[in-house]
Amino acid sequence: MFGNQHRFTRGWWFIAPGLIMMIMIVGAPLAMGFRLSLHDVFLYDFRNQFYVGLENYRYAFQDPLYILSLKTTAIFTLGCLVLAVGFGIIITFLLNSKLVRFRSTWIALFLIPFVMTPVVGGIAWRLFIWQQEFGLLNQVTGLFGLPQPYWLLDRETALIATIISNSWQLTPLAILVFYAALTTIPEDLYEAARMDGASATRTLWSVILPQMGPHILFVSIIVITSAFREFDMIMALTGGGPGRSTTVLSVFAYNRGIANQDMGMANTVAFTMFIIMATFAWVYITLYRKLEARTQ
């Protein structure tokens, strides 16, 4: 009896250290953040905390600035998802071509943005790409007589610039996963497509993408969660401006907690972000299991 019980509980001893560490690193701060979201508390006066219940959440969803930040975050996240996954698929498909030489070198070059910190990447894009007078983009457009806008100082272009910059850093992850996924596709499928006279575009659409469904879904949830909580890149590029055109939820929470010293509202915004991401994760797990079962 005791032997069987020991057999069923033995596995818990192996996962206990990681489980305890996860509770300390993730669970405890999350519980503290939720507690602060139910209180009226300021940055330099933590001793005086007044319980307000769900009032902070009611104020947040009635605040036009919060709604605007939520919409901006949704546009930013969707833009990063489309660009990162789209370019990841295209670049991976091109790298997998037999005509490409020095494939390992190209892959290493494409992975450089992935190992660069977001702050450094944001500063590099701001100074060398988006800068109005000396930036590379305006230098190229100037050669063709095209307009040279203030990319990061114009409300119409600032969000687009931040989306492109952040997608540049997320695309290498997609390339890495997709390239590994391509190696699992049987060569017989390519041969069958070539015998049927399928073009490269048709092969990508009818052969590769269906086989890579679970991998695309996996990369998508990673890109969504990363872009949804992005802070460093945006602060390095625009600081949330001009105006509030690039103020996503993470920047909005930072401004409320640091600039306005309202830690109760800042934790409320942060916890709503957690709820949204937890919902996305649940939907992802459900879809991933169905898609994986379908492809097997």
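Readers should treat all values here as calculations from the given coordinates under stated rules, not as data from a laboratory. Being a predicted model, the structure only gives us computed values, none of them experimental. Cβ sites come from the backbone with ideal geometry, for glycine too, and all protein chains shown count toward neighbours.
Key figures for this structure:
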quantity	calculated
Pairwise FRET efficiency - PHE61 versus PHE280, Cβ, R0 = 25 Å, nearest 0.05	0.85
Under Karplus coefficients 6.51, -1.76 and 1.60, residue-wise ³J(HN,Hα) of region 243-249 in Hz, glycine/proline x	x, 10, 5, 10, 7, 7, 4
The chain: DSSP helices with Cα axial extent of at least 18 Å and average Kyte-Doolittle hydropathy no lower than -1.0	2-22, 64-95, 155-182, 213-228, 263-295
Structure-based [θ]222 nm, the chain - -39500 (n - 2.57) summed over DSSP H runs of at least 4, per residue, nearest 500	-22000 deg cm²/dmol
Cut-off under 5 Å, modelled amide H: who pairs with ASP63 long-range	none
Likely footprinting exposure, ASP188, ASP232, ASP262, fewest C-beta neighbours within 10 Å first	ASP188, ASP232, ASP262
Additional length obtainable on full extension of the chain from PHE231 to THR184, 0.36 nm per residue less Cα span	13.4 nm
Residue order, fewest to most surrounding Cβ atoms within 10 angstrom, among SER250, SER165	SER250, SER165
Cα-based convex hull volume of the chain per residue, rounded to whole Å³	214
Simple spin-label estimate for PHE87 and THR141 in nanometres, 7 Å along Cα-Cβ	1.7
Peptide ranges 170-177, 204-211, 95-102, 235-242 listed from the most packed, as the mean C-beta count within 10 angstrom indicates	170-177, 235-242, 204-211, 95-102
